[in-house]
1. Please tell me if residue 54 is closer than 21 Å to residue 173 by Cβ and at pLDDT 95 or above.
2. Return the total of residues in segment 93-110 being over 24 Å from residue 179 (Cα atoms) and within 14 Å of the chain's Cα centre (by Cα).
3. Looking only at strands (runs of 3 or more DSSP E) that fall completely inside segment 1-97, which ones have 2 or more residues that are away from the ligand (no atom under 16 Å from the Cβ), in contact (Cβ under 8 Å) with a residue 60 or more places away in the chain and surrounded by 13 or more Cβ atoms within 10 Å (Cβ to Cβ)?
4. Exactly one condition in (1) under 15 Å from residue 9 (Cβ atoms); (2) open to solvent by 30 Å² or more (accessible area, probe 1.4 Å) is false for residue 143; which is it?
Amino acid sequence: MKILAFAASLRTASLNRKLIQQAATILRAVPNVDVDQADFREFDMPMYDGDLEARDGIPAGGREFIRRIQGSDGLVISTPEYNGGIPGALKNAIDWASRTEPIPFEGKPILLLGASPGGLGAVRSLWHSRVPLETIGAHVYPEMMGVPRAHQAFDDSGRLQDPNQLSRFQGLLLSYIDFVRKLQGTS
Ligand SMILES: Cc1cc2nc3c(=O)[nH]c(=O)nc-3n(C[C@H](O)[C@H](O)[C@H](O)COP(=O)(O)O)c2cc1C
């Protein structure tokens, strides 16, 4: 099984990047799970513009995003929260990816994670992100996890410091993998 994992942040010091790194480390230890860990910069693309699409089709970064989704059995996305909702860059990438047939998100199991220095851990962004993803046919896993005060949550090696939080995080990732296997009919 291959899982595409990425943080929906472009910043080098991104907290969501740290969280996705931690998720990838945990997932790589699960038997028969491969992780395609992407940098969101690989999916650089202009704002959706119907004229641009009519003239040139889907831009290179959008085509790469589509190719990587198509090559995966599921996605783990860690997203920041911007002004109480989904970051524009993530919504834009979803919009471009939805312009190909069949829509690559259709039937894909997705786990949503988030990290924020604030007290809510980006959970409003996670709820917001479900809407477009479910609209285009993704199976967004019912449970999600936001890491609040994420600027203090990681140790120097990038590991979640709070043992309870780490254990909940590991449990969530494993239950998500079970969900993917159930959807595939392999468990
Ligand atoms: C435009 C903008 C809006 C933001 N709005 C929120 C918000 O609504 N809630 C929140 O918890 N943090 C908000 N933040 C702070 C981000 O959570 C913080 O910058 C976080 O580190 C971004 O994720 P990253 O570290 O993965 O890049 C906002 C930041 C920016 C740049």
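1. The answer is no for residue 54.
2. 1
3. Details: elements: 2-7, 34-38, 74-79.
In segment 1-97, the matching strands (runs of 3 or more DSSP E) lie at 2-7, 74-79.
4. Unmet for residue 143, out of (1) under 15 Å from residue 9 (Cβ atoms); (2) open to solvent by 30 Å² or more (accessible area, probe 1.4 Å): (1).
The values are calculated or read from the model by the stated rules, or taken from the named source; none is laboratory data. Bear in mind the structure is a predicted one, so any value in this text is a computation, not a measurement. Virtual Cβ from ideal backbone geometry, glycine too; neighbours counted across all protein chains shown. Just so you know, the surface numbers come from the protein's heavy atoms only, side chains and all, with ligands and any DNA or RNA stripped out. Shrake-Rupley method; radii C 1.70, N 1.55, O 1.52, S 1.80 Å.
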